[in-house]
1. Considering region 200-219 alone, what residues qualify as being assigned to a loop (DSSP other than H, G, I, E, B) and touching a helix residue (DSSP H, G or I) at 6+ places or on another chain (Cβ under 9 Å)?
2. Suppose the filter is part of a helix (DSSP H, G or I), closer than 23 Å to residue 364 by Cα and in contact (Cβ under 8 Å) with a residue 40 or more places away in the chain; does residue 96 pass it?
3. Would you be able to say whether some residue in region 95-102 is over 30 Å from residue 30 (Cβ atoms) and either under 21 Å from the mean Cα position of the chain (by Cα) or surrounded by fewer than 22 Cβ atoms within 10 Å (Cβ to Cβ) (or both)?
4. Given the structure, is residue 323 under 16 Å from the mean Cα position of the chain (by Cα), in contact (Cβ under 8 Å) with a residue 24 or more places away in the chain, surrounded by fewer than 22 Cβ atoms within 10 Å (Cβ to Cβ) and not in a loop (DSSP other than H, G, I, E, B)?
5. Out of everything in region 257-275 that is assigned to a strand (DSSP E or B) and surrounded by fewer than 19 Cβ atoms within 10 Å (Cβ to Cβ), what residue ends up being modelled with the highest pLDDT?
6. Tally up the residues in region 304-320 that are in a helix (DSSP H, G or I) and modelled with pLDDT under 90, please.
7. Could you tell me which of the residues 171, 219 is more than 27 Å from residue 112 (Cβ to Cβ) and surrounded by fewer than 20 Cβ atoms within 10 Å (Cβ to Cβ)?
């Protein structure tokens, strides 16, 4: 029997969440008293949708909301009990929910971008409170005197700009290890784009073996060989990634595309060796699309904002980060699906617009104040898109005291293959990757 709802406002908020995670979805989890998987999931979503500077403040607001939205539920009042339940249930809950979110993304049946099933990957660090436990377990990565950090690496489905998969670990984790752990979730025929931090012989070799195409920027920290003589070579394009420590394995035959994008040229590596399959213009456009990942992290850290976590223990910090990610994932999917329902482009999600809309509706729930029948929550979600203006001035702003001034990657080093390398490569010629 359906639970009674006080007013249509509450009903629409409930439908927004239950569209993706209906009550029967939680039957796969063991039934528990107090914080069941279903209650925990709802609190994880609400606690990151509401405003508040501390976890205690957001928990109190989210609990009142949950009591309004699910009046038949008994919602425990202890924050410590909630965090203990998170530690117990959250890892399996998040992993299972992520699989479900990928299924929902595929169910949108969005058109390929430039003829490809595109994905992007990027990583970012999130600060944690400077406690002894956090420093001991999470470590302090990056510059000297930084706080303990979590490192998150995210895969995005670029047709929708929705997250596809994620790995979270201590701040000292490697984003290349994270992405290698996520490659199994990529559908057949995918193309992955990434920045220069993802160029390594091990990672690119695994992508080739999995038959995943890629367009990845390469910088001056990599040396590429030319004229190795194991493939049909195109002057100025065909290069080989074959570090000396890996010359017991076949060399990677790659194509380098140089594009002019601003002040400095951008050097891209791809294993799609033929111009007919991937033109230089399409490769440049694909690489630019990865900017959506940078915008996503800015939304998470500044718009909501979750640049610094609240948890003072490392394992609570991990569960807090997973809950934050899942709550925004549900919100973004709701906006993308709403735009598709309205026959609009699903991309260009505005985190700020979605935040304003959902918090307005949640305030109405707390006040038990029915909203006007039009527009509906779904129709409002369809309007949560970024501005469509075209930039006419320079991207850089005026001097900012703490603004980063990192230089762009330099072009990769190139050298002619030596005679001994050519002879050694002949034994691998039959094993070189097929042309795509």
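1. Taking region 200-219 as the starting set, the residues that turn out to be assigned to a loop (DSSP other than H, G, I, E, B) are 200, 210-212, 218-219.
Passing the criteria: 200, 210, 212, 218, 219.
2. Values: part of a helix (DSSP H, G or I): yes; closer than 23 Å to residue 364 by Cα: no; in contact (Cβ under 8 Å) with a residue 40 or more places away in the chain: yes.
When the stated conditions are applied, residue 96 does not pass them.
3. Here is the first cut: in region 95-102, the residues over 30 Å from residue 30 (Cβ atoms) are none.
No, every residue in region 95-102 fails to be over 30 Å from residue 30 (Cβ atoms) and either under 21 Å from the mean Cα position of the chain (by Cα) or surrounded by fewer than 22 Cβ atoms within 10 Å (Cβ to Cβ) (or both).
4. On the way: under 16 Å from the mean Cα position of the chain (by Cα): yes; in contact (Cβ under 8 Å) with a residue 24 or more places away in the chain: yes; surrounded by fewer than 22 Cβ atoms within 10 Å (Cβ to Cβ): yes; not in a loop (DSSP other than H, G, I, E, B): yes.
In short, yes.
5. Our first condition is that a residue be assigned to a strand (DSSP E or B); within region 257-275, this holds for 257-260, 265-270.
The next check asks that each one be surrounded by fewer than 19 Cβ atoms within 10 Å (Cβ to Cβ); those that pass are 258-260, 265.
On the way: 258: 93, 259: 90, 260: 83, 265: 88.
Ranking the qualifying residues of region 257-275, first place goes to 258.
6. Within region 304-320, the first condition is being in a helix (DSSP H, G or I), and the residues that meet it are 314-320.
The next check asks that each one be modelled with pLDDT under 90; those that pass are none.
Total satisfying the criteria: 0.
7. Working: 171 fails: surrounded by fewer than 20 Cβ atoms within 10 Å (Cβ to Cβ).
When all the criteria are applied, what remains is 219.
Yes/no per residue for (1) in contact with a strand residue (DSSP E or B) (Cβ under 6 Å, 6 or more places away or on another chain); (2) modelled with pLDDT under 85; (3) surrounded by fewer than 16 Cβ atoms within 10 Å (Cβ to Cβ); (4) not in a loop (DSSP other than H, G, I, E, B):
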position: 347; (1), (2), (3), (4): no, yes, no, no
position: 357; (1), (2), (3), (4): no, no, no, yes
position: 369; (1), (2), (3), (4): no, yes, yes, no
position: 373; (1), (2), (3), (4): no, yes, yes, no
position: 395; (1), (2), (3), (4): no, yes, yes, no
position: 402; (1), (2), (3), (4): no, yes, yes, no
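The values are calculated or read from the model by the stated rules, or taken from the named source; none is laboratory data. Just so it is clear, the model here is predicted, and its values are computed rather than measured. Glycine gets a Cβ as well: all are built from the backbone with ideal geometry, and neighbour counts include every protein chain shown.
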